[in-house]
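Structure first, then comments.
Only the coordinates and a few stated rules stand behind these numbers; no lab work does. Just so it is clear, the structure is predicted and the values come from calculations on it, not from any experiment.
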Amino acid sequence: MNDPQIWTLLGVFSAMMFAALGISTRYTVSTLRAEIRAVDAKHDGRADVLAARTDALAAQMAAGFAAVDARFVGVDTRFDALEQRFDDKIDGVKTQLDAKIDGVKTQLDAKIDGLETRLDAKIDGLETRLDAKIDGVEARLDAKIDHVAEVVGIRIDSVDHRLGAVEDDLKIVKAHLLRHPAA
């Protein structure tokens, strides 16, 4: 092989190495992005389920109160004479319902706060694990880059040494040709 061929091979090899390094880096980054999107989608789904459950409970309570109100309106129109007595009983029932609703609300708030705390803890744990994986990938990538740089440096030194030997050989041939010119 002559000198231009060697340099061409070195250039092609270097280009292949940098292309492989770029492709593997891009693949790693896209994989990490996909994992992050999956964690976000999972969190959004859980929040939507929690919101749907809360809305369903509110709708059931509203429907229940609407039914109770309709029944009391019907009773008021039929029994005007008993209005005061029923009003007192309704006020008592309302107070009890308010107390029960407040108790249910307090329980729901506590459960929702507990779920939110657990979700936050899980998300923090996933974030910590993801950060650790990213740090590990960065460390491995840095180590590979350092290794490739070291190997390339060694090979360049080897090529430099060989070129020095070829140069010495050319000097010997030149001196020989100068001493013994061709006829």
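Counting lysine pairs in the stretch 3-171 that sit 8 or more residues apart in sequence, or on different chains, and whose Cα atoms lie under 27 Å apart gives 13.
Within the P(r) computed for the stretch 26-108, what percentage of the Cα pairs occupies the region above 22 Å?
55
Value of Rg to Rh for the stretch 102-183, rounded to two decimals, is 1.78; Kirkwood radius and Rg both from alpha-carbon coordinates.
Mind checking the angle between helix 3-78 and the chain's longest principal axis? C-alpha axes, 0 to 90 degrees, to the nearest 10. Compared with the principal axis, the helix lies near 0 degrees. Between the entries [x] 1.58; [y] 1.33; [z] 1.04, the label attached to Rg/Rh (Cα atoms, Kirkwood Rh) calculated for this structure is [x].
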